[in-house]
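Have a look at the structure below, then the notes.
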Amino acid sequence: MTMYVRFMMVVGAIALTTTPGLAQVLARATPAAGEGVAADTGDLWGPVRIPRRVTTNSATLAPGTYSVRITGETSEQDRWVEFVSGGRVAARELATVIPAVEIRSVAKVRPPPAGEVRVETLSGADYVRVWINDGGVHYLIHLPQP
């Protein structure tokens, strides 16, 4: 192991033990080794009421009430989420992950309070946005109508 790697491990350990909440944020942002496509690593958020038929990455989602699970799977600055109904995954979609310090530059409206979910109809009713505020880490899921 190189000196640089050892140094970074020590710096990381110090940051994790001295920064409140950082370990939880990093644990959610980093997938565990060997996680599969339907990773059940995140909390269920909801109920989330989808008001109209929308398109996701994996399916057309019917209007109804779902729970949203944030998985451990990442794609650059995105995170895969699952819409769950009756204990089964009904659809999957990418959520854009935005830290609290950047949310004001991205969103034109006030975010939902920490620990809450908001469902909004956007752009002349062409999109539904599901917005999860997980303690300052924001997950934005944009679902177009088919």
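Read the figures in this text as sums done on the coordinates, not as results from a lab. Every value quoted in this text rests on a predicted model; they were computed, and no experiment measured them. Methodologically, a virtual Cβ is constructed for each residue, glycine included, from the backbone with ideal geometry; neighbour enumeration extends over all protein chains shown.
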Report task. Rank these for me by crowding, Asp126, Asp134, Asp78, going from fewest to most other beta carbons within 10 Å. Result -> Asp126, Asp78, Asp134
**Report entry** Net lengthening on full extension, Arg52/Asp78 (0.36 nm per residue, minus Cα-Cα)
**Finding:** 7.0 nm
Query raised in the report: Just in region 38-89: which GluC sites (Glu not before Pro) are loop by DSSP and have at most 16 other Cβ atoms within 10 Å?
Result: Glu76
Query raised in the report: region 75-146: which trypsin sites (Lys or Arg not before Pro) are DSSP loop and have at most 15 other beta-carbon atoms within 10 angstrom?
Result: Lys108
